[in-house]
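Some notes on the structure that comes next.
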Amino acid sequence: MCKAQSIFKNMQISRHFLLGFVLLLSGAQIAFAQQDQWPVLKTYDQEHIQKIKMPVGGIGTGTISLTGRGGLEDWEIMNRPAKGFNPTLENRGPVKEKGPFFAIYIEDDQGNNHTRLLEGPVDINNYEAAWGATGNQHGLPRFGKARFEAAYPFGRAILSDEDLPVEVTVGAFNPLIPGNIDDSSIPVFVLNYQVKNTSNEDLTISLSGSIQNFIGFDGNRGKAQGNVNHYREEDGVKGIHYTSECVDPASEQWGTMSFVSLNEGQTTYRTAWQPMTSRWDKKRLDFWDDFSADGVLEPRENPNANAPMGSLAVKTTLRAGETKNFRFLISWHFPNRQTWDKPGFQKLIKATVGNYYAKHYTDSWDVLAKTLPRLDELETKTVTFVNAVLGSDIPEEVKEAALFNLAHLRTQLAFRIESGHFLGWEGLFDGHGSCFGSCTHVWNYEQTTAFLFGELAKTMRDVEYGYATDDTGLMSFRAYLPLDSAQKWGKAAADGQMGAVMKFYRDWHLSGDDAFLKEHWPMVKKTLEFCWIPGGWDADKDGVMEGSQHNTMDVEYFGPNPQMAFWYLGALKASAEMATYLGDRKFAKTCQKLYKNGSAWMDANLFNGEYYEQIIQPPMSADNVAESLMEITSGKNAIDLTSPDFQLGEGVLVDQLVGQFFAHLVGLGYLANEENIKTTLQSIMKYNYVEKMASHANFHRSYALGDESALLMAAYPGERPAKPFPYFTEVMTGFEYTAAIGMLQEGQTEDGLKCIRNIRERYDGRKRSPFNEAEAGHHYARSMVAWAGILATTGFQYSAVDQSMKFNDANGSFFWSNGYQYGTVEISGEDELKQVAITVLSGSMSLQAFELRDFGTVKFDAKKEFEEGKTVAFNVKR
């Protein structure tokens with residue numbers, strides 16, 4: 001096999017030469033912006049950088065994380081989660097914290113020199129372990145001070161040391177441009193070192209990076225074998241291309257990597273480090289001695305290494321007071337993504353579904369060939385996007401929650417298979433996904449994808465309605481892969497299925513794609529009709545869910561409850577509008593009737609004067625339960641059908657209004673009495689809010705502790721069931737955001753912002769990473785509901801169907817994005833007249849109407865055209 005792959009390797013090298021020639025002919029410019037032009041939203045001092053790991057990579061490509069101290073960790077680029085993985089193959093001994101690193105050599109005119117790891121101090125929490133300190137390259141000398149600045153997807157660590165004549169800023173990003181999926185899905189890590197000479201004399205400096213060729217091993221599975229590093233120079237791009245001769249080309253861990261320098265200066269390199277001659281690891285010592293001597297690397301040979309190290313160094317002069325930028329790129333290409341795989345959960349179908357991004361590139365060097373000519377443009381467009389958000393009159397905590405949770409979309413949480421369909425786990429454990437199948441009742445909450453990358457959201461709807469729904473209207477709330485097996489799960493979730501209808505309505509309006517509506521409407525209709533089947537969620541067809549309702553609490557609710565009810569009412573109202581649009585008047589009338597009945601019944605029967613509660617209705621009586629052979633299970637626990645456990649009962653559920661929250665986002669209005677909605681949110685703040693979690697007894701997972709403030713999943717001012725639903729004492733950010741944003745929608749601004757601020761204070765860099773809000777796993781999908789905070793504070797709504805746009809009537813500058821175009825709006829004026837100026841920063845669109853809520857609407861005589869880069873101004877009268 002290795003011989004055959006050796007032939008393949010030679011073919012690859014020939015192709016690389018051609019690609020490099022194409023790059024040369026393209027006249028690619030190695031230009032990049034000064035790092036001090038990158039936007040900054042939040043700064044973390046040295047006491048708040050310990051937990052920071054910012055994922056950098058494209059949508060569906062995997063990521064590498066930039067740490068708060070400037071290091072590179074969590075190499076999650078081979079199709080699977082790999083938290084904590086730093087490639088350290090072939091290092092012996094129990095402490096293998098010897099992963100990729102960068103270092104700097106500094107020499108003054110008198111010949112005095114220093115060599116330092118380009119990272120800040122080791123976290124004090126890593127000082128003690130069985131074999132001493134842990135942490136990547138823990139023993140190497142490093143900078144004494146560090147702080148971190150970020151405005152996702154930009155992050156940078158600022159390093160300084162009183163004993164060194166330089167200050168270094170370590171920055172990283174990956175292009176992120178709303179509406180432009182391909183340009184936001186590039187498998188590349190852009191790494192920038194800005195070095196400032198703080199002395200009054202010239203310095204000689206050299207920057208070096210070392211990365212191992214770990215192709216074949218993803219941190220948990222596979223094996224690196226027969227890997228080879230090639231040094232290449234093309235049009236000013238100098239670097240190492242990582243390949244393998246013996247890893248199976250069909251395996252999930254097979255692919256290529258590239259590590260290149262875009263910098264002027266003396267470039268030296270190693271394609272291998274020296275062989276290990278004894279059990280004592282002398283390879284790092286040899287490298288450090290060599291680099292520390294003069295900042296120049298001497299070559300080494302290690303032909304038997306299965307996972308050879310590759311190192312690059314660039315040496316130049318830095319004049320007194322001068323600042324220079326040094327840019328390095330890491331790219332990757334691992335095409336063989338396989339189906340869902342969660343060890344110990346169950347056996348799933350094994351097959352290769354591929355990666356959509358891999359279709360755009362032949363290998364990792366091709367990624368560079370196609371990206372470098374446009375890198376400056378991509379960086380500028382990303383800066384423009386982030387600056388548009390930061391420059392808006394939107395509360396800082398809302399900006400932070402929305403932007404920093406964008407990181408989840410770029411991790412191994414979500415991926416795009418070869419067909420182009422976008423799918424995701426619920427969250428990520430260290431070495432595998434947490435709960436497979438784009439779980440509908442989790443992804444219902446997520447709003448980031450639809451409002452930034454609309455076409456991706458539509459592919460998720462295609463999975464739900466084109467593959468996961470059977471002829472009876474049952475939508476498997478987890479979709480198997482390959483897609484022709486999507487229905488294999490065979491279980492429906494009441495909230496997941498109703499939320500899918502609302503998501504479909506949202507994505508149709510944002511896209512204006514009538515063909516999309518007509519193609520999927522028959523199955524959308526069936527998923528609603530599924531509620532009315534014998535034994536179904538609303539078998540008596542009265543607009544109220546009463547049957548066994550599986551839901552996101554991982555239990556079945558028995559009897560009417562607000563969480564399912566508001567999802568159902570929203571789905572009914574959305575379906576009525578879609579049916580009316582398509583001329584299906586009979587179905588529209590049915591939905592309208594059920595909606596009105598259900599809404600009135602909710603207010604009359606579930607609202608207790610303060611909030612909505614559940615009426616527990618056991619599915620069977622004691623008299624006939626013994627005669628029944630039916631058994632309903634929740635997880636591993638059989639349910640007592642006469643007095644079921646794990647119910648909500650009279651509790652105050654934190655997200656009981658999730659369907660109402662969603663209805664406001666998409667312009668469906670109130671689903672129940674407005675005053676009852678407002679009162680319920682006030683009650684959630686009254687009963688569920690805990691000022692200090694140290695006073696709260698939690699019997700499950702802890703995501704808030706000590707003096708932290710949070711909203712509980714449920715509170716019980718009234719009678720509590722002996723065994724409520726399992727998570728009732730917990731705190732989870734996705735649910736907190738839902739309630740908080742609901743408060744913002746209802747004008748309860750102070751409470752809503754307080755709740756969002758509390759979340760972000762918990763993810764402060766010291767206790768938790770600001771880029772990793774967890775629930776059942778890292779980077780939990782539900783927390784991406786945070787993007788709706790921007791929608792709630794601005795009042796933004798858009799419909800490409802109606803060609804209309806709406807905002808609140810407050811004066812200021814506000815960011816907006818509809819998944820296809822994005823831009824800003826300036827609102828000014830008082831009394832009877834407002835001036836509006838809309839700027840489209842990406843894309844183009846048409847409007848027939850524009851509304852300022854509670855102020856006025858303007859309907860244009862002819863469609864108003866909005867082109868990219870242009871501002872259109874008009875007036876709105878009261």
Note down the Stokes-Einstein diffusion coefficient of region 359-413 in µm²/s, whole number, using a Kirkwood radius over alpha carbon pairs, 10 °C, and 1.306 mPa s.
116 µm²/s
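For a Förster distance of 51 Å, can you work out the FRET efficiency between the beta-carbons of Tyr716 and Glu162, rounded to the nearest 0.05?
Working: r = 56 Å, r/R0 = 1.10.
Between Tyr716 and Glu162 the formula returns 0.35.
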Sequence-separation-based contact order of region 457-566, relative, with Cα cut under 8 Å and 6+ spacing, percent:
22 percent
Normalised by the residues of the chain, what does the relative contact order come to in percent, with Cα pairs under 8 Å and at least six apart?
12 percent
Order of 73-81, 380-388 by packing, highest average Cβ count within 10 Å first?
73-81, 380-388
With each run of n ≥ 4 DSSP H residues scored as -39500 (n - 2.57), what mean residue ellipticity at 222 nm is computed for the chain after dividing by its residue count and rounding to the nearest 500 deg cm²/dmol?
-8000 deg cm²/dmol
Spatially proximal lysines relative to Lys864 (Cα-Cα < 20 Å; intrachain offsets below 8 disregarded):
Lys806, Lys834, Lys877
What are the residues whose amide H is under 5 Å from the amide H of Arg147, where those residues sit 5 or more places off or on another chain and H is modelled from the backbone?
Ile158
At 27 angstrom or more along the helix axis (alpha-carbon based) and mean Kyte-Doolittle of 0.5 or higher, what helices does the chain contain? Whole DSSP H runs only.
2-25
How big, on average over all directions, is the shadow cast by the Cα convex hull of the chain, in nm²?
38.6 nm²
Using θ = phi - 60° and the Karplus curve 6.51 cos²θ - 1.76 cosθ + 1.60, what whole-Hz ³J(HN,Hα) does each residue of region 162-167 get, with Gly and Pro shown as x?
5, 8, 10, x, 9, 10
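Can you tell me how region 641-706 classifies by the Cα gyration tensor, rounded, prolate or oblate, using a/c under 1.5 as the rounded cut?
Working: a/c = 2.22, a/b = 1.43, b/c = 1.55.
Oblate.
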Which far-off residues, 5 or more places away or on another chain, put their amide H under 5 Å from the one on Val56, with H placed in the peptide plane?
Ile64, Ser65, Leu66
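Given the pairs Lys692/Lys767; Lys586/Lys863; Lys51/Lys238; Lys238/Lys370; Lys573/Lys678, which span a C-alpha to C-alpha distance of over 22 angstrom in this model? Could the numbers behind the result be given before it?
Working: Lys692/Lys767 16 Å; Lys586/Lys863 33 Å; Lys51/Lys238 33 Å; Lys238/Lys370 16 Å; Lys573/Lys678 20 Å.
Cα-Cα > 22 Å for Lys586/Lys863; Lys51/Lys238; rest within.
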Packing rank of 295-306, 441-452, 749-760, where each peptide gets the mean count of other beta carbons within 10 Å, highest leading:
441-452, 749-760, 295-306
Which of the listed residues, Phe699, Gly734, Met685, is farthest toward the dipole's positive end in region 679-747, when Lys, Arg count +1 and Asp, Glu count -1 at the beta-carbon?
Phe699
Estimated vicinal HN-Hα couplings, Hz - region 306-315 in sequence order (Karplus 6.51, -1.76, 1.60; Gly, Pro = x):
7, 9, x, 7, x, 9, 10, 9, 10, 10
What does the charge add up to near Ile615, with Lys and Arg as +1, Asp and Glu as -1, over the other residues with Cβ less than 10 Å from its Cβ?
-3
Give me the net charge of Ile104's neighbourhood, meaning all other residues with Cβ under 14 Å from the Cβ of Ile104; Lys, Arg count +1, Asp, Glu -1.
-2
5 angstrom amide H check on Asn608, placed H, neighbours 5+ away
Glu613
Diffing region 150-158: the Karplus 3J(HN,Hα) column from phi (6.51, -1.76, 1.60, θ = phi - 60°), in whole Hz with x for Gly and Pro, holds 8, 8, 3, x, 9, x, 7, 9, 9
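Please report the antiparallel percentage of the DSSP beta bridges confined to region 797-877, to the nearest 5. Can you show the working numbers first?
Details: 30 of 35 bridges.
Beta bridges within region 797-877, antiparallel portion: roughly 85 percent.
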Listed by chain and number, the lysines with an alpha carbon less than 23 angstrom from that of Lys196, same-chain partners under 8 positions apart left out, are Lys42, Lys145, Lys315, Lys324
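Give me the net charge of Asp707's neighbourhood, meaning all other residues with Cβ under 14 Å from the Cβ of Asp707; Lys, Arg count +1, Asp, Glu -1. Walk me through the intermediate numbers first.
Values: positive: Lys692, Arg762, Arg766, Lys767; negative: Glu691, Glu708, Glu761, Asp764.
Neighbourhood net charge equals 0.
No value in this document is a laboratory result; all are computed from the given coordinates. Owing to the predicted nature of the structure, the values given are computational and were not obtained by experimental measurement. Note that each Cβ is placed from the backbone with ideal geometry, even for glycine, and that neighbours are counted across all protein chains shown.
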